[in-house]
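The values are calculated or read from the model by the stated rules, or taken from the named source; none is laboratory data. What you are looking at is a predicted structure, and each value in this text was computed from that prediction instead of being measured. Here the Cβ is made from the backbone with ideal geometry for all residues, glycine too, and neighbour counts use every protein chain on show.
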Amino acid sequence: MRNAPTILHLDMDAFYAQAEQASKPSLRGKAVVVGGLGPRGVVATASYEARTFGVHSAMPMAQARRLAPNAAYLVPRFGFYRSISDQVMALLRALSPLVEPLSLDEAFVDLEAGGTAWDGESALLAGIRLRADIRAVTGLTGSVGLASCKMLAKIASEQAKPDGLVLIEPGTERALLGPMPVRTLPGVGPATGDHLRRAGITTVDEIAEAGEDELVRMVGKAHGHALYAMALARDDRPVVAERETKSVSVEDTYDLDIHDRVRVGLEVRRLADRCVRRLRESGLSGRTIVLKVRRYDFSTLTRSETLRGPTDDPGVVREAAARLLDSVDTTGGVRLLGVGVSGLADFTQEDLFAQAAEERADLSEEEVPDEPVGEEPVPAEHRWRPGHDVRHAELGHGWVQGSGLGRVTVRFETPESEPGRVRTFRVDDPELAVAEPLPLVRRTPEEGDSAAEEAAEKAAGKAAERFVAGEGTPDQTESLQRVKGV
Ligand code: TTP
Ligand code: MG
Ligand code: MG
C-alpha cells in the first residue's frame, strides 16, 4: 500500500446506453435499454433514466419491457463501443504506462508509475483533467475513483457514479470500508456472500472481527486469507499493464490448402509447441486448450477442452489439441490452423470476475453479429436492425427506430443535430442504405484543443463540488486506519 491516492479507477457511466444517447439526440434524457431483443434476450445495460424503473444489466429483456414499457430498446453495436473504448484507453495510456483494462469501459491506472501524480493534490488534478478529456474526445462521461490501492479506487469510482470523482484520503480507508456490505470486497460473489451471511457476517467490519482463522475455516485457506486482508483494506495488488491478453494463441494460414490428415496433425502439434513457448515466455499457464480450424470453404470451427488445472506443459497441450482435432472433419482441405491456451492462471479473483463479464459480453456478441457478415445479400426486412444507422439518398443520416410488416421507421438525426423527425419507408426502398455510425465529437485539431480546455475548466468546477476527501475522519482513529502493506 502506498501513502498517496495515486491509483486511479475509471468506469464509463451506463456505457452502451450513454453512447447510444450521444449518438441519437432524441434519446437524451430518456430511458434507453440496450441488449438482446430476441425472446431470450437479456439487458446489457440501461441508461440512468431507465434504472429508475428498476431495469438493470443481466435482467431478462421481457421483465425490462414490463418495468419500462416506454423506454427505447436497442441492440448493441459492439464495433461502435469498441472504437469509443479505444479513444478512452488511449487517454489513459497518456497518463501512465501501467494501464490495466478490465473491460471495454473500465481500467486501473497507476498515476505514480507514469509520473503523473505523487500526492493527493496532483492525483485529484489528474483525475479532473482525465474526465474533462474523456468528455472532450468522446462526448461521454466516465466516473473516476482515486485511492491508495485498487480495491478502494474501484469503490471510489462506484461512489462517484454517475459523472463524478471521489478521492479516498489515505488513512481513511478502514473507516470507510467497515460499514459496507461484504459484497463490496473483490472476490465476494453471491455464494461467498450467502455463506458469510449465514454466519451472521454482513459488513466488512464483521469480517475483520471474525478473524483470519475463522475465515479460513469458513471459506478455505486462500480465500480466507485474501478476505481478511481486504477487510482490513490491505490490498497490495499492482496495476498490471496489458492484462487484456487473456489467452495466448498462434495460428498459421497456408498458401495451399492442406488435405493430408497426417500433415494436419503435424501442423497442430507444431502450433501447440509454439503456443506453449509463448505461454512460458510470458510466465503464464492456462486451463483451456483451443483449436481453430478454417476449412477450404472458409467455414471456421473452434473446439476447446478445459483441463482440471492450468498447464504450460507442451505434452499436455499437444495431446489436448490432437484430441480436439479428432472431432473435426478436414476432408475438404484446411486453410488455417490455430492453437491457443486461455483461462490463464495468474489472475487474481477480481480479474476472474472481469473475465467472466467479458465472456458474457463475448457470448452476446456471437448471438447478435455486429456487422452484416460478408457480402451475402441479406433479406430486406433483416437489414434494418433497431438502433443501427442508415442513410437516405435525400433525407440524409438517421437510425432505425423499428421495422416490421414490410416497413422500416427511421429517425433522421445526427450526434450534432436537434432531435429529428421520423419517416416510414418500405423495407426495400432503394434510397435507403445501411450506414456507419457517425463520430460523436467532430472537431478539427485546433478546435479540439480549445474544446478540451473549456471542458476541463467546466469539469474542474463540477468535480470540486463532488470531491469527497475523507471528510470528518476523527484523528483518534487515524492510526488504526492507516494500514501499512501486507
Ligand atoms: P458496466 O460498467 O458494469 O455498466 P455500465 O457502464 O452500463 O453502467 P455503470 O454506470 O454502472 O458503470 O458495464 C459496461 C458495459 O458492459 C455496459 O454498458 C454493457 C456491458 N455489460 C453487459 O453487456 N452485460 C452485463 O451484465 C454488464 C454488467 C455489462
Ligand atoms: Mg460502466
Ligand atoms: Mg465497467
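Summary table
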| item | result |
| --- | --- |
| Residue tally, condition under 12 Å from the mean Cα position of the chain (by Cα), among the charged types (D, E, K, R) and crowded, with 22+ Cβ neighbours inside 10 Å, over the range 76-105 | 2 |
| Per-region count, the range 270-295, residues of a type outside the set (D, E) and surrounded by fewer than 18 Cβ atoms within 10 Å (Cβ to Cβ) | 9 |
| Tally of residues being under 24 Å from R131 (Cβ atoms) and outside any helix (DSSP H, G or I) across the range 148-179 | 13 |
| Test: residue in the range 59-75 that is more than 16 Å from the chain's Cα centre (by Cα), crowded, with 24+ Cβ neighbours inside 10 Å, within 11 Å of ligand 1 (Cβ to nearest atom) and in contact (Cβ under 8 Å) with a residue 12 or more places away in the chain | no |
| Qualifying residue in the range 204-221 (condition: of a type outside the set (D, E, K, R) and under 30 Å from V290 (Cβ atoms)) | yes |
| Residue count, the range 10-58 (criterion: among the acidic types (D, E) and near ligand 1 (Cβ under 8 Å from one of its atoms)) | 2 |
| Any pair with Cβ under 7 angstrom, 6 or more apart, that starts in the range 90-104 at a residue that is without any contact (Cβ under 8 Å) to a residue 60 or more places away in the chain and ends at one that is within 14 Å of ligand 2 (Cβ to nearest atom) | L91/I134 |
| The range 1-44, residues that are among the charged types (D, E, K, R), in a loop (DSSP other than H, G, I, E, B) and under 17 Å from the mean Cα position of the chain (by Cα) | D13 |
| Qualifying residue in the range 199-206 (condition: among the β-branched types (V, I, T) and modelled with pLDDT under 95) | no |
| Filtered residue count, the range 109-132, keeping only those that are more than 16 Å from ligand 2 (Cβ to nearest atom) and farther than 18 Å from P97 by Cα | 7 |
| Strands (runs of 3 or more DSSP E) enclosed by the range 300-419 - at least 1 residues per element that are buried (at least 19 other Cβ atoms within 10 Å of the Cβ) and at pLDDT below 85 | 300-311, 334-344 |
| Selection status of L256, buried (at least 18 other Cβ atoms within 10 Å of the Cβ), more than 30 Å from the chain's Cα centre (by Cα) and either assigned to a strand (DSSP E or B) or not assigned by TED's automatic domain parsing to the domain that holds A322 (or both) | no |
| Test: residue in the range 221-228 that is part of a strand (DSSP E or B) and in contact with a Leu (Cβ under 6 Å, 6 or more places away or on another chain) | no |
| Long-range neighbours under 6 Å by Cβ, at least six apart or interchain, first residue of a type outside the set (S, T, Y) within the range 182-193, second assigned to a loop (DSSP other than H, G, I, E, B) | V182/V188 |
| Candidate set: the range 127-148, residues that are buried (at least 24 other Cβ atoms within 10 Å of the Cβ) and away from ligand 1 (no atom under 14 Å from the Cβ); chosen: the one farthest from the chain's Cα centre (by Cα) | S148 |
| From R234, R183, residue being among the basic types (K, R) and surrounded by 18 or more Cβ atoms within 10 Å (Cβ to Cβ) | R234 |
| Enumeration of residues in the range 68-127 that are within 16 Å of ligand 3 (Cβ to nearest atom), within 30 Å of A435 (Cα to Cα), in contact with a Leu (Cβ under 6 Å, 6 or more places away or on another chain) and part of a strand (DSSP E or B) | none |
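Conditions (1) within 16 Å of ligand 2 (Cβ to nearest atom); (2) under 26 Å from the mean Cα position of the chain (by Cα); (3) surrounded by fewer than 22 Cβ atoms within 10 Å (Cβ to Cβ); (4) within 26 Å of M12 (Cα to Cα), marked per residue:
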position: K161; (1), (2), (3), (4): yes, yes, yes, yes
position: E169; (1), (2), (3), (4): no, no, yes, yes
position: R198; (1), (2), (3), (4): no, no, yes, no
position: E209; (1), (2), (3), (4): no, no, yes, no
position: E214; (1), (2), (3), (4): no, no, yes, no
